[in-house]
Each structure stands twice: as C-alpha cells, then as structure tokens.
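These notes are about the structure you will find just below.
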Amino acid sequence: MFKRAQNKFYSTSANLLKTPLHEAHVEFGGKMVPYAGFEMPVLYKDQSHIESHNWVRSKAGLFDVSHMLQHTIQGPQARALLEKITPIDLGSLGVNQLSLSVLLNNEGGVIDDCIITKHGDNDYYMVTNAGCREKDVKFIKDELTAFDVNHSTFEGTLLAVQGPQAAELLQKFTTEDLSKVYFGESRYLDLKTGGATTRIHLARSGYTGEDGFELSIPSGTPAEQAEALSFFKVLINEYPDIAKPIGLAARDSLRLEAGMCLYGHELTEEITPIQASLAWLIPKSRRADGGFNGSSKILGQLADKSSVTHRRIGVKSKGPSPRDGNKIFNAEGKEIGYITSGSPSPTLGGNVAQAYIDKSAKIGSGIKIEIRGKLRDGEVAKLPFVPSKFYKG
Amino acid sequence: MFRTLLRTSPLVARPSARLFSTSRAVFNSTSHKLNKDSHVYKYLQEGPSTIKYTAEHEWLAIFKDDSAFVGITTYASEALGDVTFVELPEVGDKVEVGDTIGSVESVKSASEIYSPVAGEVVAINDVLESEPQLINTDPIGNGWIAQIKLSDPAAIESSEELLSAEEYENSLSEN
C-alpha cells in the first residue's frame with residue numbers, strides 16, 4: 001500500500017538534488033549550498049543576512065521549501081493511523097484546517113515535526129522535514145502495515161511567502177478572497193502563474209512568526225515546473241519593492257526569534273513534546289485515552305510534572321552569541337542545561353537562543369553560558385522573542 | 001581562521017567550504033591590498049615593510065619595529081557576512097603561532113581567529129566593540145584586530161605558513 005513517488009528533480013554532479021526553482025536561485029545570485037541532499041540558496045547577492053531577515057519582518061520574503069517532503073494519506077483508516085503516530089485530534093480539526101504535530105516513537109520521542117492538513121475525514125496532507133526524509137518514510141511504512149491506508153509522497157514546488165505584505169502580494173494572483181483564509185486554514189485555488197492558471201494548495205502558515213502562506217504548486221511535468229518557475233520570477237521581477245527571495249540563513253534566524261523548533265536541535269528522538277514545552281500539541285481529547293505512540297510516557301509526564309526536570313526555554317545575552325552545544329550554569333556554578341540554537345537577533349539586537357534548562361531556573365534569572373571556554377552572562381527569557389503576527393481575522 | 005569554523009548554523013549544515021567557494025566569484029586581485037588610508041598603514045610613516053597572508057584567511061602587516069597588525073581578509077569577511085560581534089584578545093597576552101586571539105561572529109556562525117605569529121599583544125582595535133561592521137567595510141585596514149610584538153621576527157621570512165599576496169591568491173583559486 002506504500003508507494004514512493006518517482007523523484008522528478010534533477011541531480012547535480014555532486015548528486016545534489018535541485019528544486020524546480022533552482023534555475024531562478026542561480027539567476028538571482030543565490031549562494032548555493034548542500035542542504036539535506038539538495039542544493040539550496042543560503043543567501044542572495046546584494047542582500048546581507050540581516051537585510052534578508054529584516055525584509056521578511058517588514059515586506060514579503062519568498063522561501064523555496066520544495067526540499068521538504070509532501071505526503072498524501074488517504075483511506076478509511078487514515079485518521080486512525082495519524083492518531084497513532086502523532087498526538088493530533090483530527091476530529092476537532094475541520095476540513096481545510098491544519099495543525100503542527102509530531103511523529104512519535106514508542107518512547108514518546110520526536111521522530112520529526114510535521115504539518116497535517118485535513119482535506120476530508122479520510123483524506124490528509126502532511127509535510128515533513130527534508131533532513132528526516134529517509135527515516136520518516138521508513139517509519140510510516142512500518143506503521144501503516146496495520147492500517148487500511150494509502151500513503152504516497154510527492155515532490156513539487158513548495159513556496160513559502162512570509163511577511164506583513166504576503167497577503168497583499170498573493171492577492172494580485174488569485175480571485176479567492178485571502179482575507180477569508182485565516183491562520184491554520186488552507187484552500188485549493190486558481191493561481192495566475194506565468195502564462196496559465198494553476199490549481200494550487202495554499203495554507204496560511206509559516207516558519208517565521210509573520211503572517212504568510214505556503215503554496216504547494218504541482219510540478220510533476222516540465223510544463224508545470226515551467227509555470228512554477230515563471231510564477232516565482234514574476235513575483236520578484238514585477239514586485240521588487242515587496243518581494244525578495246530569502247535563503248536558509250535568514251530562515252533560521254527568523255524561526256529562532258519566533259521561538260519555533262528546528263528538528264535536530266530543539267527536537268530529537270530522545271526528547272518528548274512535554275520536555276520541548278509543546279504540551280499544547282496533545283489536545284485534551286487525547287489526554288484521557290492516549291493510544292498514540294509513547295502515550296503512557298507522555299501522559300505520565302503530564303500527570304506528574306516533577307518527572308520532567310528540564311524544559312525548552314529562551315535565553316538572552318550580549319557579547320558573543322550562544323551556539324548549539326554551549327553549556328549553561330547557574331549563579332552557583334552548577335551545570336543546569338545546554339543551548340540548542342542561538343544567534344544574534346537582527347530584530348531585537350543582542351543574542352537570542354533556545355535551550356534546555358532545569359525548570360528551577362525561572363524566567364528572568366541570571367545564568368552563565370560557557371562560550372569558547374569562558375563563562376558569559378545570560379538571562380532566562382520567555383519564548384517567542386518576537387511576538388507572532390498570525391492572521392486570525 | 002576557518003580551519004575550525006565553529007558551530008556553523010545547523011540549518012546551513014556546515015557548508016563553509018561550499019559557501020566560500022561560491023563567493024570566490026566576487027574575489028578580485030585588488031581586494032586584499034592594505035587600505036592606505038587606514039590606521040594600520042599610517043602606523044609608521046613609511047608604511048609596512050611586508051604584508052603576508054595565511055591559508056586560513058588572515059593578513060599580517062609587518063613593520064620595521066618588529067610589530068605586526070593582524071586581521072581577516074576580504075575573502076573571509078565576505079564569506080562571513082554581516083559581522084555582529086568581535087571578541088578581542090587583551091593587551092599583554094602572550095601568544096604562540098596557532099593560539100586563538102579572538103573570534104569574529106556573524107548571525108549564522110562564529111569563527112576563531114588564530115595568531116599567525118608568536119609574540120605579545122601590544123594593541124587591540126577596541127573600535128570593533130562598537131563598530132564590528134568595520135570587518136565588512138574595511139577588513140584589511142581599519143578592521144584590524146590586534147597588533148602583536150613579534151618574539152621572533154626572523155621567523156617571518158622563513159615561515160612556510162605565511163604567504164605572499166600572489167601565493168594567497170593562488171591558494172584561493174585552488175580551493
């Protein structure tokens with residue numbers, strides 16, 4: 001019942017895959033780097049990292065996220081499968097609504113984070129991380145043997161349009177009233193791409209903390225790829241005061257400020273969603289009966305808060321930036337945690353970081369971070385650092 | 001300085017070499033000349049006696065008083081992007097070849113700066129504490145990092161690690 005979509009992307013000499021927008025990245029001066037098996041833009045010429053970051057916070061940034069893996073999960077037991085491998089409650093999710101969730105192993109650890117969209121009671125669309133592609137596919141394949149489900153993966157153009165002017169920009173290309181599509185909702189709609197009209201999937205969501213959209217544009221044929229490429233170029237060439245392409249570098253600093261997790265850093269197979277301060281991913285309706293992977297451990301942690309000693313939390317500092325792996329100490333010199341991501345904050349100044357720290361360290365308390373062999377002052381801070389501006393009507 | 005690039009951002013999963021090789025396109029033969037209007041050039045009236053480079057993208061301006069100014073090259077500065085913070089050594093620090101004398105940070109990464117020479121730090125460019133972007137705007141000049149009094153001036157000429165401008169340029173095109 002499992003089929004793996006044919007990979008339609010071309011391979012480079014270094015065996016790196018190219019997305020359908022690759023040609024445009026090169027044309028716009030993208031500095032291309034290997035990332036999760038793809039050659040992706042990290043920065044573009046004439047835009048520094050900080051300029052790219054600030055552009056997204058003030059205008060509209062275009063992110064090629066076609067390297068992420070898209071899944072279709074359909075069939076009479078599609079819901080049952082998803083509610084076993086994640087703690088989501090699909091009964092409370094309406095048609096054309098989406099939610100963040102996590103693929104869980106039997107110990108409650110996070111195999112990957114994912115966005116699940118409901119298109120019908122037996123019809124779901126899921127997006128997972130590029131870097132987890134192999135293990136996610138194997139995990140789902142193993143799990144679905146017990147279910148009457150059709151699972152397939154596909155690659156297409158996945159384009160995130162993020163920033164306060166994202167809606168204004170995209171509205172120029174569709175007759176669908178985007179003011180009626182709220183955060184966490186999706187639509188199939190006709191988009192004026194290049195020369196034609198293309199039926200696409202649009203979700204109001206993102207990974208920057210700004211209002212924005214993620215567009216799934218079919219790219220299975222050369223003609224479809226050409227339309228997607230043309231649309232991307234038109235956005236940039238015809239609306240240069242609103243739209244710029246943005247690379248991986250700013251994507252990371254934006255999500256960090258927005259307090260969002262990056263798999264492999266804040267989330268791993270050894271960390272449960274409760275430790276990751278993501279208890280909200282387990283809705284009330286799933287807390288009584290469990291039934292999802294690792295539910296006994298996760299529900300146990302919810303029932304006995306003292307069983308979880310560390311939590312994901314923010315850190316602020318000045319001077320050299322905390323980076324992944326730096327140790328954290330309290331004022332008495334006791335080791336109390338570690339940094340998982342950190343960088344200077346273009347929006348706020350100073351440094352921001354995410355960390356796992358002993359719960360006894362309260363927000364506002366002073367800590368020491370060991371950076372290049374020296375202890376530096378920092379402070380426990382709440383997440384997110386930059387408030388989210390999701391469009392909720 | 002990029003020999004052990006520290007903690008490149010996860011997202012950019014250690015692309016350092018690739019990142020630099022793509023930025024080579026912007027490199028040109030005049031971009032690693034010492035800025036003649038800078039404090040470094042004017043340190044002694046006649047200017048520096050020699051300029052050297054390392055494969056780790058540091059430059060060294062050596063003066064007749066056996067002191068040398070150290071900084072990072074234009075190539076390194078462009079590869080780093082917007083510099084947000086520079087950690088400087090302290091005046092009086094004694095350093096051996098290869099010792100860390102500070103670090104240069106951008107939003108996405110932190111890179112150590114290694115001393116290409118042995119000696120004692122006699123001055124630091126503390127302007128970088130308030131204006132770290134000088135590393136981007138004038139890396140081989142007012143973006144200097146430290147001045148080191150050489151403990152073994154004769155080692156400069158015999159060193160195989162210190163490259164002439166031409167050798168450095170060749171090392172870039174080989175990468």
Once the in-chain neighbours fewer than 8 apart are removed, the lysines whose Cα is under 24 Å from B:K33 read A:K45, B:K42, B:K52, B:K64, B:K149
Would you look at the GNM of chain A, springs on alpha carbons closer than 10 Å, and say which of A:A288, A:A203, A:A228 moves the most?
A:A288
What translational diffusion coefficient, to the nearest whole µm²/s, does chain A have by Stokes-Einstein, given a Kirkwood radius computed over alpha-carbon pairs, a temperature of 20 °C and 1.002 mPa s viscosity?
98
With contacts defined as alpha carbon pairs under 8 Å and 6 or more residues apart, what's the relative contact order of chain A in percent?
18
What would the Debye equation give as log₁₀ I(q)/I(0) for segment A:185-299 at q = 0.15, 0.20 Å⁻¹, counting only Cα atoms as equal point scatterers?
-0.89, -1.13
Rg from C-alpha atoms of segment A:297-359, normalised by the globular rule of thumb 2.2 N^0.38 Å, equals 1.30
Stokes-Einstein translational diffusion, segment A:170-213 - Kirkwood Rh over all Cα pairs, 0.890 mPa s, 25 °C, in µm²/s
222
To two decimal places, what compactness ratio does segment A:265-381 give when its Cα radius of gyration is scaled by 2.2 N^0.38 Å?
1.17
How many nm separate the modelled label positions at A:K138 and A:E379, each set 7 Å beyond the Cα in the direction of the Cβ?
4.6
Along principal axes, Cα extents of segment A:136-179, largest first, whole Å
45, 18, 17
What number, in percent, do you get for the relative contact order of segment A:125-216 if the mean sequence gap of Cα pairs under 8 Å and at least 6 apart is divided by its residue count?
28
Which lysines, on any chain, are close to A:K180 with Cα under 23 Å apart, when same-chain ones fewer than 8 places away are left out?
A:K59, A:K118, A:K172, A:K192, A:K389, A:K392
Cβ under 12 Å from A:G108's Cβ, A:G108 left aside: what net charge do those residues give with Lys, Arg +1 and Asp, Glu -1?
-2
Principal axis box of segment B:10-174, alpha-carbon based, largest edge first, Å
44, 33, 30
Between A:V308 and B:E90, how high is the FRET efficiency from 1/(1 + (r/R0)^6) when r is the Cβ-Cβ distance and R₀ = 35 Å? Nearest 0.05.
0.25
Within a Cβ distance under 12 Å of A:I85, other residues only, what is the Lys/Arg minus Asp/Glu net charge?
-2
Quick one: Cα centre-to-centre distance for segment A:126-202 and segment A:53-96, in angstrom?
7
Segment A:36-130: proportion of alpha-carbon pairs further apart than 19 angstrom, %
54
Within the set A:A196, A:A381, A:A166, GNM on chain A using Cα springs under 10 Å gives the largest fluctuation to A:A196
Taking the convex hull of the alpha carbon atoms in segment A:89-158, what volume per residue do you get, in Å³?
110
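Only the coordinates and a few stated rules stand behind these numbers; no lab work does. What you see is a predicted model, and the numbers here were worked out from it, not measured in a lab. Note that each Cβ is placed from the backbone with ideal geometry, even for glycine, and that neighbours are counted across all protein chains shown.
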